[in-house]
Amino acid sequence: MTSPKIAVLTFPGNNCETETVRALKTQGFQSEVFLWNREPSELKEFDGVVIPGGFSFEDRGRSGIVSSQEPIFKTLTEMANAGAPILGICNGAQMLVESGLILSDGNNIPTLALLNNKRTNAEGKILGTGFYHSYRTLKPANKKTPFSNFSENIHIPIAHGEGRFTLTPEMEKEVINKNLIVFTYVNEKGEEDNHYPTNPNGSFQNAAAICNPKGNVVALMPHPERNENGNPVFISLWNYFQNKKTIELNNETISVTDFTNTIPQKIQQDEIIVLVRLKISDKTEKTFINVLNEENITRREKWGFYIDNTVSVPEKIKAISNIIQSGELVNLNKQWVVAKIDGEWYDWTDNNEFKKSEARFSEENCFIVEAKEDIKGQEKKEHLATILPEINLQNIKYGVCWDIPKNKKEEYISHSLFSSRVGDTIKTF
């Protein structure tokens, strides 16, 4: 029997392809690196696909979202629908989630998200956020996938910043009922505990991996390729090819009834808006322009401040000026700043002060993307409250403001490239 061929599909910025090819070859597979810009039809010559970890396209926008827009994913979708085993590891898992190959609605919009890590203790206190690397123990929770047909727990590395599997409440029930959680994080006793340190990212139900309803496509955050402890994942895949009857793929489907199109909300009138734009080239903006083949797109970081409404406009201007000059939000050597305070636009001048001006863009052509759980805004609020306590900030909201062609606004508001419907909220002026 000829050894099965497994493609290790890589994109610019992936960095675990060598380890992945080695892990596959160790178990007897034929394997090679398959570049994202190769002729897509050639991918069908392989029996399965593994997408390795790394930081594809520098994680611009959201981790995995740019890669998931590449033409090769059309071929990957055809292979998934035909039952080919596909594994995404870390950044590869993020791509599979963002592409909708794990869970999606009728329009192939993802109904699952991988959000920023959030490490919490039993009391609910946030102990840390963002990138985290360590080792964790994984327990097979669903052994009916090509990658998880074994009983032993495995102790393997993790290294990610956006690994928190998150769904809507109704989708959570579907995932549990359909047994789509493939691996869970457990402690040294093999017990699940939804808090740090057992759960390193706050993931739903301690999920370390989730599969599609059929069971042949798996998004796995930890790295089985990085040490021999992860070999059972690849041995399982080998056994799957040796005797496919040991695992019968499901014919499951999931109906989505609580997942509607994005409905923008209006920004609150009392929110002070500060928009920040790079003076140098914005790589994320340029990447989105290339992906969409759309020249007229502008990206600005957005900070929203809530200050007591009884405070006068001059006092608000002074407070925001102090924040700008603190250097905590803006590098004035590299970024332009404009602000909207009580309905009026202001430019930040070379004299380090705000001057009333006309808006540099049409509000009608803009929309803002904010995380539903705004960890970045919360962290900045806590820090600024320490260094500038006299301002008495009530809240800070972080987001991204997109300025796009008027005739494309409705299309781009609902485009998964700009926002995750599970994790984000769309707002307009």
Response to the item:
Within the set T137, T129, T18, GNM on the chain using Cα springs under 10 Å gives the largest fluctuation to T18
Practice prompt. Measure off 7 Å from each Cα along the Cα-to-Cβ vector at N290 and E32, then give the distance between these two points in nanometres to one decimal.
Written response: 2.5
Practice prompt. First obtain the Kirkwood hydrodynamic radius of region 243-338 from its Cα pairs, then insert it into the Stokes-Einstein equation at 25 °C and 0.890 mPa s, and state the resulting D in µm² per second as a whole number.
Written response: 135
Worksheet item: Residues with amide H under 5 Å of S104's amide H, sequence separation 5 or more or different chain, H placed in the peptide plane at 1.01 Å from N; which?
Response: T111
Worksheet entry | Within region 147-242, trypsin sites (Lys or Arg not before Pro) in DSSP loop having at most 10 other beta-carbon neighbours inside 10 Å | K189
Fill in: DSSP bridge pairs, region 5-246: antiparallel proportion in percent, nearest 5
60
Practice prompt. With 29 Å as the limit, write out which pairs from K286/K408; K74/K139; K266/K356 have Cα-Cα distances beyond it, or answer none.
Written response: K74/K139
Worksheet, complete the sentence: With DSSP loop assignment and no more than 15 other C-beta atoms within 10 Å, the GluC sites (Glu not before Pro) in region 98-169 are E123, E152
Worksheet item: Which value in nm describes the separation of the simple spin-label points at K318 and N333, placed 7 Å from the Cα toward the beta carbon?
Response: 3.0
Fill in: Over region 5-246 - Rg/Rh using Cα atoms and the Kirkwood inverse-distance radius
0.93
Practice prompt. Output the relative contact order of region 37-162, whole-number percent, from Cα pairs under 8 angstrom with separation of 6+ residues.
Written response: 19
Worksheet item: Out of these labelled values of mean projected area of the Cα convex hull in nm², (i) 32.4; (ii) 19.1; (iii) 21.7, which was calculated from the coordinates shown here?
Response: (iii)
Item to complete: Normalising by the residue count of the chain, find the relative contact order in percent from Cα pairs under 8 Å and 6+ residues apart.
Response: 14
Worksheet item: Are there GluC sites (Glu not before Pro) in region 315-371 that DSSP marks as loop and that have at most 10 other Cβ atoms within 10 Å, and which are they?
Response: E358
Worksheet item: Can you give me the Cα centroid spacing of region 131-187 and region 202-251 in angstrom?
Response: 9
Discussion item. At R0 = 25 Å, how high is the FRET efficiency between E45 and I235 if r is their beta carbon distance? Nearest 0.05 is fine.
Written reply: 0.60
Discussion item. Sort L138, L127, L43 by Cβ crowding within 10 Å, fewest neighbours at the top.
Written reply: L127, L43, L138
Response to the item:
For the chain, whose charge dipole is built from +1 on Lys and Arg Cβ atoms and -1 on Asp and Glu Cβ atoms, the candidate among S56, Y398, T75 with its Cα farthest towards the positive end is T75
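Read-outs: derived from the displayed coordinates by stated rules, not from any lab. What you are looking at is a predicted structure, and each value in this text was computed from that prediction instead of being measured. Using ideal geometry, Cβ is built from the backbone for each residue, glycine included, and neighbour counts are taken over all protein chains shown.
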